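Working notes, beginning with the structure itself.
The values are calculated or read from the model by the stated rules, or taken from the named source; none is laboratory data. Predicted model, so just to flag it, every value in this text is computed and none were measured. Glycine also receives a Cβ, built like all others from the backbone with ideal geometry; neighbour counts cover every protein chain displayed. With ligands, DNA and RNA removed, areas are computed over all heavy atoms of the protein, side chains included. Shrake-Rupley method; radii C 1.70, N 1.55, O 1.52, S 1.80 Å.
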Amino acid sequence: MKVIAVKTHAREEFLDITRDVRSAVRNSGIENGIALVFVPHTTAGVTINENADPDVKEDILMGLKKMVPDSLAWRHAEGNSPAHVKAGLVGSSIHIIVEGGDLQLGTWQGIYFCEFDGPRDRNVFVKVFGQ
Ligand code: ZN
């Protein structure tokens with residue numbers, strides 16, 4: 001398993017980790033199979049979405065903020081329930097087909113680490129399963 005260290009700089013942000021995941025897959029030496037990308041946190045997640053127009057990730061954050069308002073009567077004493085809900089919505093893992101030693105992402109797809117309660121030092125686990 002490869003661990004990618006991620007440093008976030010804002011309370012909420014999407015960080016493009018495609019290059020790091022691609023590098024982890026290449027270093028695994030596995031040519032064909034599945035890459036599992038897992039985020040071991042409860043207020044952050046991982047997703048695949050458009051990486052061509054940077055406005056898309058800002059729009060996703062805006063949409064999530066609208067769906068999960070800070071102003072609700074949250075009970076969790078830590079005060080970060082919106083971050084827990086958003087992390088649940090995007091999910092904590094993705095898997096990508098690997099062929100010829102590379103990720104089979106679509107033309108406009110990138111892999112994003114999704115921070116909802118930063119800034120923090122985070123980790124992303126990558127495990128590649130050969131076929
Ligand atoms: Zn909490």
Cβ-defined net charge surrounding T42, 13 Å radius [Lys, Arg +1; Asp, Glu -1]
0
Please list log₁₀ I(q)/I(0) at q = 0.15, 0.19 Å⁻¹ for the chain, using the Debye equation with identical point scatterers on the alpha-carbon positions.
-0.70, -1.03
Average accessible surface area per residue within segment 2-130, 1.4 Å rolling probe, Å²:
54
Summing Lys, Arg as +1 and Asp, Glu as -1, what charge do residues with Cβ under 11 Å from the Cβ of G33 carry, G33 excluded?
-1
Whole-angstrom gap from segment 1-24 to segment 117-131, using each part's C-alpha centre:
7
Over the chain, relative contact order from alpha-carbon pairs under 8 Å, at least 6 apart, %:
55
For D59, what is the net charge nearby, where nearby means another residue's Cβ is under 14 Å from its Cβ and Lys, Arg count +1, Asp, Glu -1?
-3
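Run the accessible area of the chain with a 1.4 Å probe and give the carbon-and-sulfur part as a rounded percent.
Answer for the chain: carbon and sulfur cover 52 percent of the accessible area.
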Give me the one-decimal nm value for the distance between modelled label points at L36 and S92, 7 Å along each residue's Cα-to-Cβ direction.
1.3
Mean residue ellipticity at 222 nm from the helices of the chain, using -39,500 (n - 2.57) per DSSP H segment of n ≥ 4 over the full residue count, to the nearest 500 deg cm²/dmol?
-8000 deg cm²/dmol
Stretch gain in nm, segment M1-M62, where the contour uses 0.36 nm per residue and the Cα spacing is subtracted:
18.6 nm
